[in-house]
1. Residue 173 fails exactly one of the following numbered conditions: (1) at pLDDT 95 or above; (2) open to solvent by 10 Å² or more (accessible area, probe 1.4 Å); (3) touching a strand residue (DSSP E or B) at 6+ places or on another chain (Cβ under 6 Å). What is the number of that condition?
2. Here is a list: 95, 52, 71. Which entry is open to solvent by less than 60 Å² (accessible area, probe 1.4 Å) and within 24 Å of residue 205 (Cβ to Cβ)?
3. Just to be sure I understand, how many residues within region 26-77 are touching a His at 6+ places or on another chain (Cβ under 9 Å), at pLDDT 95 or above and either in a helix (DSSP H, G or I) or more than 14 Å from residue 99 (Cα to Cα) (or both)?
4. So which residues in region 104-136 are surrounded by fewer than 24 Cβ atoms within 10 Å (Cβ to Cβ), more than 24 Å from residue 200 (Cα to Cα), among the hydrophobic types (A, V, I, L, M, F, W, C) and touching a residue at least 60 places away in the same chain (Cβ under 8 Å)?
5. Among the listed residues 83, 114, identify the single one that is in contact with a Ser or Thr (Cβ under 7 Å, 6 or more places away or on another chain) and over 25 Å from residue 168 (Cα atoms).
6. Is it the case that some residue within region 71-92 is hydrophobic (A, V, I, L, M, F, W, C), touching a helix residue (DSSP H, G or I) at 6+ places or on another chain (Cβ under 7 Å) and over 20 Å from residue 120 (Cα atoms)?
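The values are calculated or read from the model by the stated rules, or taken from the named source; none is laboratory data. All values derive from a computational prediction rather than experimental measurement. Here the Cβ positions follow ideal geometry from the backbone for every residue, glycine too, while neighbour counts run over all protein chains shown. Accessible surface areas use protein heavy atoms only, side chains included; no ligands, DNA or RNA. Shrake-Rupley method; radii C 1.70, N 1.55, O 1.52, S 1.80 Å.
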Amino acid sequence: MTDPAPAPAAPPGIPPVVPAGRMRAMPQPSFALPGPLHLRPWAPDDAPALVASCLDPQIRQWNRPSGLTLAQAEEKIAGWHEHWRTETAAIWAAAPACGGRAVGLIGLADLDLHGGSGEFLYWLLPAGRGGGVMAGATDRLSRWAFEELGLHRLRITHSVANPASCAIALKAGFPLEGTMRGALLHADGWHDEHLHARLRTDPPPGGPQSDPPSGPRSVPGARSGPRRASSGA
């Protein structure tokens, strides 16, 4: 009687794109930007800016935040620091480089370190608008996410009715990949959304880009997927 054939070897597991613990081991960095703003971690003193964002009509239109009290805003800021430690989101304040409270938010939510991906979210209060800062901030955080953290793919989604976000994505090196039908419920109904993405292997922004779809301009604002509320925009 012959010995039974050995069982086939199990295929090797796919290793994580970013090992667990890498982000947690890093201090959250700050980044200089061209112009008067820089990116830094949120601080408890920024809570009034977060409260104000929930009252701003244009932020409410595109980012759909829930109203916050000052105490709730402070709790949310503390939660963002915890998200860094649990490697589930990375959220920065856009604030005057000379000092002062936040005037905007940008970050990566829906982080999947094992799969190597994340999704941008951002908004600006009126005090931060008009200087073209968001495209540069998106590019700077993308380079950090690729070169320092080691992600492979980043995405931006936004309502097709918000061409300003489309322009930001294109300028930051995120080509348009397609339209997701009825993807997100806003106050006025279901919106189709554009999907943009940038890969670690893509060339840096600055080359020819497609023109954004025509339409009325709006304040920049991008959502971060259905789980955005847990990461705080």
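1. (2)
2. After applying the criteria, what remains is 95.
3. Residues flagged as touching a His at 6+ places or on another chain (Cβ under 9 Å), at pLDDT 95 or above and either in a helix (DSSP H, G or I) or more than 14 Å from residue 99 (Cα to Cα) (or both) within region 26-77 amount to 1.
4. 125
5. Details: 114 fails: in contact with a Ser or Thr (Cβ under 7 Å, 6 or more places away or on another chain).
Answer to the selection: 83.
6. yes
Per-residue answers, yes or no, for (1) open to solvent by 10 Å² or more (accessible area, probe 1.4 Å); (2) without any contact (Cβ under 8 Å) to a residue 60 or more places away in the chain; (3) assigned to a helix (DSSP H, G or I):
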| site | (1), (2), (3) |
| --- | --- |
| 138 | no, yes, yes |
| 157 | no, no, no |
| 161 | yes, yes, no |
| 164 | no, yes, yes |
